[in-house]
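Written below as structure tokens is the structure these notes are about.
The values are calculated or read from the model by the stated rules, or taken from the named source; none is laboratory data. In this text, all values refer to a predicted model and were calculated from it rather than measured experimentally. With ideal geometry, Cβ positions are generated from the backbone for all residues, glycine too; neighbour counts draw on all protein chains shown. For accessibility, only protein heavy atoms count, side chains too; no ligands or nucleic acids. Shrake-Rupley method; radii C 1.70, N 1.55, O 1.52, S 1.80 Å.
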Amino acid sequence: MADTTKRILVLYAHPSQERSEINKPLFRATQQQENVTAIDLYAEYPTFRINVDKEQQQLRDHDVIIFMFPLYWYSTPAILKEWQDLVLEYDFAYGANGNALEGKTFMCAISAGGSETAYQADGYNHFTLRELLHPLEQTACLTGMTYLAPFALFCARSAFEENRLQSHITDWKRILLALSNNTLDIAQAKTLQKLNENLNILIKD
């Protein structure tokens, strides 16, 4: 029987890790999961000199691509944008011969300082988190990847004091395992605003 286990690549970016209460422990938990390659981009490329050939090979070698980051000014930290600009080249990720990412799955694991109610049309930020991530969703679309709703933690600054961190990490490990062993309902995961509260429905036995 063919091995259907999915290989997962997590690209982690946090420009101020000494202040991270959420993403750093989430990344450490990620590093301990089977079938997951977890890369800290700021540690890997402290001068932003990204090895494009190496990163493109990493993409070829994995089935699921995940960006893990704190939302900074409604976007990714700088190194993740640099990574996209350099690695997702014409004739690799898109273009006449650019089909290296076709059929792969893409999602984001995000923390946001504001509350979820702030990320609504009538909220402080005027857009939902998923709407703010439209550039990444379109990138996935253009490159032929399947885009999933984000895994998100709101009110991140108070999560540790409110004892929400451990349950968040536990949910994250469930998602990684489900992505790896093909038990996540991809069709439903594509349609939601976020994955978090729907895991018991999304993850099949």
Completion exercise
Within segment 136-145, the residues that are touching a residue at least 24 places away in the same chain (Cβ under 8 Å), part of a helix (DSSP H, G or I) and polar (S, T, N, Q) are T139
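Can you say whether S20 is within 16 Å of the chain's Cα centre (by Cα), open to solvent by less than 80 Å² (accessible area, probe 1.4 Å) and not aliphatic (A, V, I, L, M), as far as the supplied structure shows?
Considered against the rule, which asks whether it is within 16 Å of the chain's Cα centre (by Cα), open to solvent by less than 80 Å² (accessible area, probe 1.4 Å) and not aliphatic (A, V, I, L, M), S20 comes out as no.
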Exercise for the section: State all residues of segment 150-181 that are open to solvent by 70 Å² or more (accessible area, probe 1.4 Å) and at positive phi; if no residue qualifies, say none. Expected result: N163
Exercise for the section: Restricting attention to strands (runs of 3 or more DSSP E) lying wholly within segment 33-135, give those where 3 or more residues are touching a residue at least 60 places away in the same chain (Cβ under 8 Å) and open to solvent by less than 60 Å² (accessible area, probe 1.4 Å). Expected result: 64-70, 105-111
Handout entry: One residue from I203, I110 being under 14 Å from the mean Cα position of the chain (by Cα) and within 25 Å of P25 (Cβ to Cβ)
Key = I110
Problem - Members of segment 146-203 that are without any contact (Cβ under 8 Å) to a residue 40 or more places away in the chain and assigned to a loop (DSSP other than H, G, I, E, B) - result: E161, E162, N163, R164, T183, D185
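Just for segment 1-32: of the residues that are part of a loop (DSSP other than H, G, I, E, B) and among the aliphatic types (A, V, I, L, M), which one is modelled with the lowest pLDDT?
M1
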